[in-house]
Amino acid sequence: MSAVWALAGNPNVGKTSLFNVLTGSRQKVGNWPGVTVERKEGRVRLSRGEAVVVDLPGIYGLGATSVDEQIASQFISQEEVKGVILVLDASCLDRSLYLALQIRERGKPVLCALNMVDLAEKRGIRVDLKALEGALGVRVVPTVARTGQGVEDLLRCLEEESLPGGTIQVDYGPELSTSLARLEGFLASHADKLPVSPQVGAVMAAEGDPRIWALLEDHREQLDQLVRRESLRLEEAMGMDLETALMERRWAMVSSIASRCVTFDPSAKASDS
Ligand code: GDP
Ligand code: K
Ligand code: MG
(Lines give C-alpha, C1' and ligand atoms only; values in the text may rest on other atoms or scores of the structure.)
(Ligands and ions follow the chains in the order given, each with its own letter.)
Protein backbone atom coordinates (compact mmCIF):
# COMPACT_ATOMS: atom_id res chain seq x y z
CA MET A 1 0.00 0.00 0.00
CA SER A 2 1.24 3.50 -0.82
CA ALA A 3 2.25 5.84 1.98
CA VAL A 4 -0.20 8.72 2.48
CA TRP A 5 1.18 12.25 3.00
CA ALA A 6 -0.88 15.27 3.99
CA LEU A 7 0.00 18.53 2.27
CA ALA A 8 -0.58 21.30 4.81
CA GLY A 9 0.02 25.02 5.12
CA ASN A 10 -1.53 28.48 5.41
CA PRO A 11 -3.84 29.69 2.62
CA ASN A 12 -2.01 30.97 -0.48
CA VAL A 13 1.42 29.57 0.32
CA GLY A 14 1.49 27.40 -2.80
CA LYS A 15 0.06 24.07 -1.59
CA THR A 16 -2.06 23.46 -4.66
CA SER A 17 0.74 24.58 -6.98
CA LEU A 18 3.07 22.12 -5.27
CA PHE A 19 0.38 19.43 -5.33
CA ASN A 20 0.02 19.91 -9.09
CA VAL A 21 3.76 19.67 -9.70
CA LEU A 22 4.01 16.58 -7.49
CA THR A 23 1.05 14.68 -8.88
CA GLY A 24 0.68 15.95 -12.45
CA SER A 25 -2.56 14.60 -13.84
CA ARG A 26 -2.74 11.73 -11.37
CA GLN A 27 -5.41 13.51 -9.31
CA LYS A 28 -8.78 12.70 -7.87
CA VAL A 29 -11.08 15.53 -6.74
CA GLY A 30 -13.96 15.06 -4.31
CA ASN A 31 -15.29 16.47 -1.06
CA TRP A 32 -14.33 15.88 2.54
CA PRO A 33 -16.98 13.67 4.20
CA GLY A 34 -20.04 15.59 5.36
CA VAL A 35 -18.93 19.00 4.09
CA THR A 36 -18.60 20.75 0.73
CA VAL A 37 -14.91 21.51 1.18
CA GLU A 38 -12.96 20.25 -1.81
CA ARG A 39 -10.62 17.31 -1.24
CA LYS A 40 -7.83 16.66 -3.72
CA GLU A 41 -5.84 13.48 -3.68
CA GLY A 42 -3.07 12.57 -6.07
CA ARG A 43 -0.38 10.00 -6.67
CA VAL A 44 3.30 10.87 -6.71
CA ARG A 45 5.78 8.70 -8.59
CA LEU A 46 8.83 7.80 -6.54
CA SER A 47 11.92 5.96 -7.73
CA ARG A 48 10.44 2.92 -6.00
CA GLY A 49 6.64 2.75 -5.97
CA GLU A 50 4.50 5.77 -5.29
CA ALA A 51 3.01 7.88 -2.52
CA VAL A 52 -0.43 9.38 -2.12
CA VAL A 53 -0.62 13.10 -1.33
CA VAL A 54 -3.76 14.81 -0.02
CA ASP A 55 -4.05 18.60 -0.42
CA LEU A 56 -5.52 19.91 2.85
CA PRO A 57 -7.53 23.14 3.14
CA GLY A 58 -5.38 26.18 3.95
CA ILE A 59 -5.23 26.84 7.70
CA TYR A 60 -3.46 29.11 10.18
CA GLY A 61 -3.68 26.67 13.04
CA LEU A 62 -4.97 23.31 14.22
CA GLY A 63 -7.16 24.76 16.93
CA ALA A 64 -10.26 23.32 15.27
CA THR A 65 -12.02 26.67 15.34
CA SER A 66 -13.15 26.25 11.72
CA VAL A 67 -14.30 23.37 9.56
CA ASP A 68 -11.03 23.61 7.62
CA GLU A 69 -8.98 23.33 10.79
CA GLN A 70 -11.05 20.37 11.96
CA ILE A 71 -10.60 18.60 8.64
CA ALA A 72 -6.85 19.14 8.75
CA SER A 73 -6.50 18.24 12.43
CA GLN A 74 -8.46 15.04 12.04
CA PHE A 75 -6.75 13.98 8.83
CA ILE A 76 -3.24 14.49 10.18
CA SER A 77 -3.89 12.32 13.21
CA GLN A 78 -5.18 9.38 11.15
CA GLU A 79 -3.02 6.33 11.52
CA GLU A 80 -2.64 5.73 7.78
CA VAL A 81 -1.16 9.19 7.29
CA LYS A 82 2.57 8.63 7.30
CA GLY A 83 3.54 12.26 7.58
CA VAL A 84 2.97 15.87 6.66
CA ILE A 85 4.49 17.86 3.84
CA LEU A 86 4.29 21.29 5.38
CA VAL A 87 4.47 24.24 2.99
CA LEU A 88 6.03 27.32 4.57
CA ASP A 89 5.97 30.78 3.01
CA ALA A 90 9.54 32.08 2.97
CA SER A 91 8.27 35.61 2.31
CA CYS A 92 6.11 35.53 5.45
CA LEU A 93 7.72 32.99 7.72
CA ASP A 94 6.24 34.05 11.10
CA ARG A 95 2.73 33.14 10.11
CA SER A 96 3.89 29.82 8.69
CA LEU A 97 5.84 29.01 11.83
CA TYR A 98 2.83 29.10 14.14
CA LEU A 99 1.21 26.29 12.19
CA ALA A 100 4.57 24.54 11.94
CA LEU A 101 4.85 24.39 15.73
CA GLN A 102 1.37 22.97 16.07
CA ILE A 103 1.98 20.33 13.43
CA ARG A 104 5.34 19.43 14.97
CA GLU A 105 3.59 18.91 18.30
CA ARG A 106 1.42 16.22 16.75
CA GLY A 107 4.40 13.89 16.48
CA LYS A 108 4.08 12.82 12.83
CA PRO A 109 7.11 12.95 10.54
CA VAL A 110 7.20 16.35 8.84
CA LEU A 111 8.99 17.45 5.69
CA CYS A 112 9.00 21.19 5.07
CA ALA A 113 8.88 22.87 1.68
CA LEU A 114 10.11 26.42 2.14
CA ASN A 115 8.12 27.87 -0.74
CA MET A 116 8.10 31.35 -2.32
CA VAL A 117 11.88 31.67 -1.95
CA ASP A 118 11.84 33.70 -5.19
CA LEU A 119 9.43 36.21 -3.72
CA ALA A 120 11.34 36.33 -0.44
CA GLU A 121 14.57 37.04 -2.28
CA LYS A 122 12.97 39.90 -4.21
CA ARG A 123 11.87 41.40 -0.92
CA GLY A 124 15.30 41.02 0.60
CA ILE A 125 14.22 38.27 2.99
CA ARG A 126 16.74 35.52 3.63
CA VAL A 127 15.94 32.37 5.56
CA ASP A 128 18.81 30.45 7.13
CA LEU A 129 17.91 26.87 6.17
CA LYS A 130 20.20 25.13 8.64
CA ALA A 131 18.98 27.28 11.51
CA LEU A 132 15.35 26.60 10.55
CA GLU A 133 15.97 22.87 10.26
CA GLY A 134 17.58 22.96 13.70
CA ALA A 135 14.75 24.95 15.25
CA LEU A 136 11.99 22.74 13.85
CA GLY A 137 13.92 19.48 13.95
CA VAL A 138 12.93 18.60 10.38
CA ARG A 139 14.28 18.75 6.83
CA VAL A 140 13.56 22.00 5.02
CA VAL A 141 13.74 22.14 1.21
CA PRO A 142 13.57 25.51 -0.59
CA THR A 143 11.03 25.48 -3.43
CA VAL A 144 9.33 27.66 -6.00
CA ALA A 145 6.13 25.70 -6.56
CA ARG A 146 5.07 27.96 -9.43
CA THR A 147 8.03 26.79 -11.53
CA GLY A 148 8.71 23.43 -9.91
CA GLN A 149 12.13 24.51 -8.62
CA GLY A 150 13.26 22.37 -5.70
CA VAL A 151 10.56 19.75 -6.13
CA GLU A 152 13.08 17.07 -7.15
CA ASP A 153 14.91 17.67 -3.87
CA LEU A 154 11.66 17.48 -1.99
CA LEU A 155 10.86 14.13 -3.60
CA ARG A 156 14.28 12.82 -2.71
CA CYS A 157 13.64 13.68 0.94
CA LEU A 158 10.21 12.08 0.79
CA GLU A 159 11.83 8.83 -0.29
CA GLU A 160 14.16 8.75 2.69
CA GLU A 161 12.97 6.24 5.20
CA SER A 162 14.61 8.09 8.06
CA LEU A 163 12.77 11.40 8.12
CA PRO A 164 12.93 12.64 11.69
CA GLY A 165 9.74 12.14 13.68
CA GLY A 166 9.01 12.86 17.32
CA THR A 167 7.47 15.97 18.72
CA ILE A 168 8.94 19.39 19.23
CA GLN A 169 8.82 20.78 22.75
CA VAL A 170 7.32 24.23 22.96
CA ASP A 171 8.46 26.01 26.13
CA TYR A 172 5.08 26.56 27.77
CA GLY A 173 6.50 27.96 30.99
CA PRO A 174 5.73 26.65 34.49
CA GLU A 175 2.05 27.63 34.90
CA LEU A 176 0.78 26.46 31.54
CA SER A 177 2.93 23.32 31.71
CA THR A 178 1.23 22.44 35.00
CA SER A 179 -2.19 22.77 33.34
CA LEU A 180 -1.13 20.68 30.37
CA ALA A 181 0.31 18.01 32.66
CA ARG A 182 -3.01 17.81 34.52
CA LEU A 183 -4.92 17.45 31.26
CA GLU A 184 -2.44 14.83 30.13
CA GLY A 185 -2.88 12.93 33.38
CA PHE A 186 -6.65 12.90 32.95
CA LEU A 187 -6.45 11.85 29.30
CA ALA A 188 -3.93 9.11 30.11
CA SER A 189 -6.71 7.27 31.92
CA HIS A 190 -8.76 7.35 28.67
CA ALA A 191 -5.87 6.70 26.32
CA ASP A 192 -7.68 3.75 24.70
CA LYS A 193 -10.28 6.14 23.25
CA LEU A 194 -7.82 8.62 21.76
CA PRO A 195 -6.19 8.53 18.31
CA VAL A 196 -3.26 10.54 19.70
CA SER A 197 -0.99 10.35 22.76
CA PRO A 198 -2.32 11.86 26.02
CA GLN A 199 0.32 14.58 25.63
CA VAL A 200 -0.97 15.58 22.20
CA GLY A 201 -4.55 15.17 23.45
CA ALA A 202 -3.83 17.60 26.28
CA VAL A 203 -2.79 20.32 23.83
CA MET A 204 -5.84 19.59 21.67
CA ALA A 205 -8.14 19.82 24.71
CA ALA A 206 -6.50 23.07 25.79
CA GLU A 207 -7.26 24.42 22.32
CA GLY A 208 -10.88 23.35 22.66
CA ASP A 209 -10.69 20.76 19.89
CA PRO A 210 -14.21 19.26 19.90
CA ARG A 211 -12.90 15.91 18.74
CA ILE A 212 -11.37 15.18 22.14
CA TRP A 213 -14.72 15.81 23.80
CA ALA A 214 -16.54 13.65 21.27
CA LEU A 215 -14.15 10.76 21.86
CA LEU A 216 -14.48 10.90 25.64
CA GLU A 217 -18.16 9.95 25.56
CA ASP A 218 -19.32 9.65 29.20
CA HIS A 219 -16.36 11.61 30.53
CA ARG A 220 -16.95 14.85 28.63
CA GLU A 221 -18.27 16.64 31.69
CA GLN A 222 -15.12 15.77 33.67
CA LEU A 223 -12.93 17.21 30.91
CA ASP A 224 -15.11 20.30 30.78
CA GLN A 225 -14.63 20.86 34.49
CA LEU A 226 -10.90 20.29 34.33
CA VAL A 227 -10.44 22.70 31.40
CA ARG A 228 -12.59 25.33 33.10
CA ARG A 229 -10.70 24.94 36.38
CA GLU A 230 -7.29 25.24 34.73
CA SER A 231 -8.46 28.18 32.64
CA LEU A 232 -9.56 30.02 35.77
CA ARG A 233 -6.32 29.15 37.54
CA LEU A 234 -4.30 30.61 34.63
CA GLU A 235 -6.49 33.72 34.59
CA GLU A 236 -5.34 34.27 38.16
CA ALA A 237 -1.72 33.33 37.60
CA MET A 238 -1.09 34.77 34.14
CA GLY A 239 -4.07 37.01 33.39
CA MET A 240 -5.19 34.89 30.45
CA ASP A 241 -7.18 31.75 29.84
CA LEU A 242 -5.79 28.39 28.81
CA GLU A 243 -6.17 28.79 25.06
CA THR A 244 -4.79 32.34 25.06
CA ALA A 245 -1.82 31.31 27.19
CA LEU A 246 -1.08 28.48 24.76
CA MET A 247 -1.18 30.86 21.79
CA GLU A 248 0.98 33.41 23.52
CA ARG A 249 3.70 30.91 24.39
CA ARG A 250 3.70 29.59 20.83
CA TRP A 251 3.96 33.10 19.36
CA ALA A 252 6.89 33.76 21.69
CA MET A 253 8.60 30.68 20.29
CA VAL A 254 7.73 31.76 16.73
CA SER A 255 9.38 35.15 17.32
CA SER A 256 12.44 33.52 18.79
CA ILE A 257 12.80 31.12 15.83
CA ALA A 258 12.15 33.88 13.28
CA SER A 259 14.71 36.19 14.86
CA ARG A 260 17.31 33.42 14.57
CA CYS A 261 16.40 32.28 11.04
CA VAL A 262 15.28 35.34 9.07
CA THR A 263 17.41 38.26 7.98
CA PHE A 264 16.21 41.24 6.03
CA ASP A 265 18.13 43.29 3.49
CA PRO A 266 16.32 46.65 3.27
CA SER A 267 18.20 47.59 0.09
CA ALA A 268 16.36 44.89 -1.89
CA LYS A 269 13.75 46.14 -4.30
CA ALA A 270 10.29 45.37 -3.04
CA SER A 271 8.38 43.99 -6.01
CA ASP A 272 5.84 41.21 -6.23
CA SER A 273 5.95 40.73 -9.97
P1 GDP B 1 -2.59 27.48 -1.84
O2 GDP B 1 -3.69 28.40 -1.44
O3 GDP B 1 -1.66 27.23 -0.70
O4 GDP B 1 -3.07 26.22 -2.46
O5 GDP B 1 -1.70 28.28 -2.89
P6 GDP B 1 -1.72 28.21 -4.49
O7 GDP B 1 -0.95 27.04 -4.98
O8 GDP B 1 -3.11 28.36 -4.97
O9 GDP B 1 -0.84 29.50 -4.83
C10 GDP B 1 -1.25 30.80 -4.50
C11 GDP B 1 -0.59 31.79 -5.47
O12 GDP B 1 0.83 31.80 -5.26
C13 GDP B 1 -0.78 31.42 -6.92
O14 GDP B 1 -0.94 32.61 -7.65
C15 GDP B 1 0.52 30.73 -7.30
O16 GDP B 1 0.83 30.84 -8.67
C17 GDP B 1 1.52 31.49 -6.47
N18 GDP B 1 2.71 30.70 -6.11
C19 GDP B 1 2.75 29.43 -5.68
N20 GDP B 1 4.00 29.06 -5.40
C21 GDP B 1 4.79 30.15 -5.64
C22 GDP B 1 6.20 30.40 -5.51
O23 GDP B 1 6.99 29.56 -5.07
N24 GDP B 1 6.61 31.66 -5.85
C25 GDP B 1 5.77 32.62 -6.30
N26 GDP B 1 6.28 33.80 -6.60
N27 GDP B 1 4.45 32.41 -6.41
C28 GDP B 1 3.96 31.19 -6.09
K1 K C 1 -5.59 29.85 -3.27
MG1 MG D 1 -5.01 25.45 -2.54
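The packing ranking, built from the mean of other Cβ atoms within 10 Å per residue, places the peptides 22-29, 199-206, 11-18 in the order 199-206, 11-18, 22-29, highest first. With the simple spin-label model, which puts each label point 7 Å out from Cα in the Cβ direction, the Ala214 to Ser66 separation comes to 1.9 nm.
Listed peptides 63-76, 100-113 appear in the order 100-113, 63-76 once ranked by packing, highest mean of other Cβ atoms within 10 Å at the front.
For the set Lys15/Lys108; Lys28/Lys130; Lys15/Lys130; Lys28/Lys122; Lys15/Lys193; Lys82/Lys130, the pairs lying more than 26 angstrom apart at their alpha carbons are Lys28/Lys130; Lys28/Lys122; Lys15/Lys193. For the range 151-273, the square roots a ≥ b ≥ c of the C-alpha gyration tensor eigenvalues yield an a/c of 1.5 or more together with a/b not exceeding b/c, which makes the shape oblate.
Helical content alone sets the calculated 222 nm signal of the chain at -14500 deg cm²/dmol, taking -39,500 (n - 2.57) per DSSP H segment of four or more residues and averaging over every residue.
A crude spin-label estimate for the pair Ala188 and Arg146, with each label 7 Å from Cα along the Cβ direction, gives 5.1 nm.
Atom-type composition of the exposed protein surface of the range 65-201 places 49 percent of the accessible area on carbon and sulfur (1.4 angstrom probe).
Quick check: the distance between the Cα centres of the range 178-232 and the range 106-166, to the nearest angstrom? Cα centroid to Cα centroid, the span is 33 Å.
Restricting attention to the range 42-123, close to 40% of DSSP beta bridges with both partner residues there are antiparallel.
The values are calculated or read from the model by the stated rules, or taken from the named source; none is laboratory data. Not measured: the values here are computed from a predicted model. Don't worry about glycine lacking a Cβ; one is built from the backbone with ideal geometry, like all the others, and counts go over all protein chains shown. Heavy atoms of the whole protein, side chains included, go into the accessibility calculation; ligands, DNA and RNA do not. Shrake-Rupley method; radii C 1.70, N 1.55, O 1.52, S 1.80 Å.
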